[in-house]
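Q: Questions regarding the structure given below will be posed in turn.
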Amino acid sequence: MTATSAPSTESTSDSERVRRPRRPALSPSRASDFKQCPLLYRFRAVDRLPEKASPAQVRGTVVHSVLERLFALPRAERVPDRAHELVAPSWAAVREERPELAELFADEQAAADWLATSGALIDRYFALEDPRRLEPEACELLVETELESGLLLRGYVDRLDVAPTGEIRVVDYKTGAAPREIGEAKALFQMKFYALVLWRLRGTVPRQLRLMYLTDGQALTYAPDEAELVRFERTLDAIWQAILRAGRSGDFRPNPSRLCDWCSHKPLCPAFDGTPPEYPGWPEPDPGEESALDRAD
Ligand code: SF4
């Protein structure tokens, strides 16, 4: 895989997907949205209201790209200096895909000052592990599987490490600005989502889920077990049924919490005296889509 390649894909039915139009799927980001606040899910997945990216989100996207490019290099070159050199081309690639992101900064100097702050995240990454000792099977892997219930799950795994013995480790880099204690439950939910998808795809429960918090230089590891993933599958089915019920009726209720401070749609939220737009109906074709910015939480 090269740094500029499209993300890898692993799916139970790649050939079928080519023939059939993409159908609604649940991603970890959208499932978390619905759990957190059904109205937030509606704004993002149904109304698809634009959200202004924050500099922290964009920096996260750049750092994810740097780490993906780093693992495309020969092992011996995966050193801090090389990683820092990858920041500028990664930002250029992100900006090419989303030119409007350049408008977040007053001028080139402001953008350069902001870009320099990614260096600290990269240094914290190197304090947590030595990438010269790792050979991931894939980075930015798009995984997709269908549960027995017919629910389609889709998401991106930041990195997949597979030991010669076949043991799987799922790695996720966390680069967001929100305090870690707020995001931790959400992050574990996301990791269980990937563990379930990989278990269903490969028949092996991942041995370890590893969250690397690059804003505070800490890592959290977690070992899922089969019984837990079976329960989690039921949870996802229940969330999807609740989404479909709300989708039919248009009844997506606000659920105010501390996380409202990070919600772009407060001005439209009845919990904050706003008025949502008229319900547009259930979307086609894919309310489960998540963006690179979602993945850079
Ligand atoms: S402001 Fe809070 S309650 Fe309202 S939509 Fe956003 S997350 Fe939900």
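The values are calculated or read from the model by the stated rules, or taken from the named source; none is laboratory data. Remember, it's a predicted structure, so these values are computed and weren't measured experimentally. No Cβ is skipped: glycine too gets one built from the backbone with ideal geometry, and neighbour counts run over all protein chains shown.
Q: Taking the stretch 93-107, which residues are touching a helix residue (DSSP H, G or I) at 6+ places or on another chain (Cβ under 9 Å) and part of a helix (DSSP H, G or I)?
A: Pass one, the stretch 93-107, residues touching a helix residue (DSSP H, G or I) at 6+ places or on another chain (Cβ under 9 Å): 93-95, 97-98, 101-102, 104-105.
A93, V94, R95, E97, L101, A102, L104, listed by residue number.
Q: Under 9 Å between Cβ atoms, which residue pairs at least 6 apart in sequence (or on different chains) link something in the stretch 266-286 that is closer than 17 Å to Y41 by Cβ and of a type in the set (S, T, Y) with a partner that is in a helix (DSSP H, G or I) and at pLDDT 95 or above?
A: Cβ pairs passing all conditions: Y279/R42.
Q: Does at least one position in the stretch 44-60 carry a residue that is closer than 20 Å to A127 by Cα and modelled with pLDDT under 95?
A: Within the stretch 44-60 (the criterion being closer than 20 Å to A127 by Cα and modelled with pLDDT under 95), the answer is yes, since at least one residue qualifies.
Q: Touching a residue at least 12 places away in the same chain (Cβ under 8 Å) and touching a strand residue (DSSP E or B) at 6+ places or on another chain (Cβ under 6 Å): is that true of Q208 in this structure? Outline the logic, then answer.
A: Details: touching a residue at least 12 places away in the same chain (Cβ under 8 Å): yes; touching a strand residue (DSSP E or B) at 6+ places or on another chain (Cβ under 6 Å): yes.
When the stated conditions are applied, Q208 passes them.
Q: Could you tell me which numbered condition D216 fails, if it satisfies all but one of (1) more than 20 Å from G150 (Cα to Cα); (2) at pLDDT 95 or above; (3) away from the ligand (no atom under 16 Å from the Cβ)?
A: Here D216 clears every test but (2).
Q: Got a number for residues in the stretch 258-272 being within 7 Å of the ligand (Cβ to nearest atom) and surrounded by 14 or more Cβ atoms within 10 Å (Cβ to Cβ)? Please lay out each step first, then the result.
A: Filtering the stretch 258-272 down to residues within 7 Å of the ligand (Cβ to nearest atom) leaves 259-260, 263, 265-266, 269, 271-272.
The next check asks that each one be surrounded by 14 or more Cβ atoms within 10 Å (Cβ to Cβ); those that pass are 259-260, 263, 265-266, 269, 271.
Residues flagged as within 7 Å of the ligand (Cβ to nearest atom) and surrounded by 14 or more Cβ atoms within 10 Å (Cβ to Cβ) within the stretch 258-272 amount to 7.
Q: State whether the residues of the stretch 227-245 include one that is farther than 15 Å from S27 by Cα and of a type in the set (D, E).
A: Within the stretch 227-245, one or more residues are farther than 15 Å from S27 by Cα and of a type in the set (D, E).
Q: Looking at the stretch 37-66, which of its residues are part of a loop (DSSP other than H, G, I, E, B) and among the aliphatic types (A, V, I, L, M)?
A: Our first condition is that a residue be part of a loop (DSSP other than H, G, I, E, B); within the stretch 37-66, this holds for 37, 47-54.
Answer for the stretch 37-66, where residues must be part of a loop (DSSP other than H, G, I, E, B) and among the aliphatic types (A, V, I, L, M): L49, A53.
Q: Is the stretch 47-62 home to any residue that is of a type in the set (S, T, Y), surrounded by fewer than 23 Cβ atoms within 10 Å (Cβ to Cβ) and within 24 Å of F189 (Cβ to Cβ)? Explain how you work it out, then say what you get.
A: At the first step, the residues of the stretch 47-62 found to be of a type in the set (S, T, Y) are 54, 61.
With surrounded by fewer than 23 Cβ atoms within 10 Å (Cβ to Cβ) added as a condition, the list becomes 54.
Filter again for within 24 Å of F189 (Cβ to Cβ), leaving 54.
There is at least one residue in the stretch 47-62 that is of a type in the set (S, T, Y), surrounded by fewer than 23 Cβ atoms within 10 Å (Cβ to Cβ) and within 24 Å of F189 (Cβ to Cβ).
Q: What pairs come up if the first residue lies in the stretch 67-80 and is closer than 17 Å to L160 by Cβ and in a helix (DSSP H, G or I), the second is modelled with pLDDT under 95 and among the small types (G, A, S), and their beta carbons are under 8 Å apart, counting only those six or more places apart or on different chains?
A: Final answer for the pair search is E68/A3; R69/A3; A72/A3.
Q: I've got another one for you. Give, as residue ranges, the strands (runs of 3 or more DSSP E) completely inside the stretch 121-222 that count at least 1 residues that are under 14 Å from the mean Cα position of the chain (by Cα). Can you show your working first?
A: Numbers: elements: 138-146, 152-162, 168-174, 208-213, 218-222.
It comes to 138-146, 152-162, 168-174, 208-213.
Q: Any idea which residue in the stretch 239-257 is nearest to the ligand (Cβ to nearest atom), counting only those that are over 21 Å from the mean Cα position of the chain (by Cα) and in a helix (DSSP H, G or I)?
A: So in the stretch 239-257, the residues over 21 Å from the mean Cα position of the chain (by Cα) come out as 241-242, 244-257.
Retained after the next criterion (residues that are in a helix (DSSP H, G or I)): 241-242, 244-249.
Numbers: Q241: 20, A242: 15, L244: 20, R245: 18, A246: 13, G247: 16, R248: 20, S249: 17 Å.
Per the stated criteria, the residue is A246.
Q: Can you tell me which of T215, T275 is crowded, with 17+ Cβ neighbours inside 10 Å and among the polar types (S, T, N, Q)? Quick ask: steps written out before the conclusion?
A: Details: T275 fails: crowded, with 17+ Cβ neighbours inside 10 Å.
Unique residue meeting the criteria: T215.
Q: Within the stretch 103-117, is there a residue that is buried (at least 21 other Cβ atoms within 10 Å of the Cβ) and not β-branched (V, I, T)?
A: Applying the first criterion (buried (at least 21 other Cβ atoms within 10 Å of the Cβ)) to the stretch 103-117 yields none.
Scanning the stretch 103-117, I find no residue that is buried (at least 21 other Cβ atoms within 10 Å of the Cβ) and not β-branched (V, I, T), so the answer is no.
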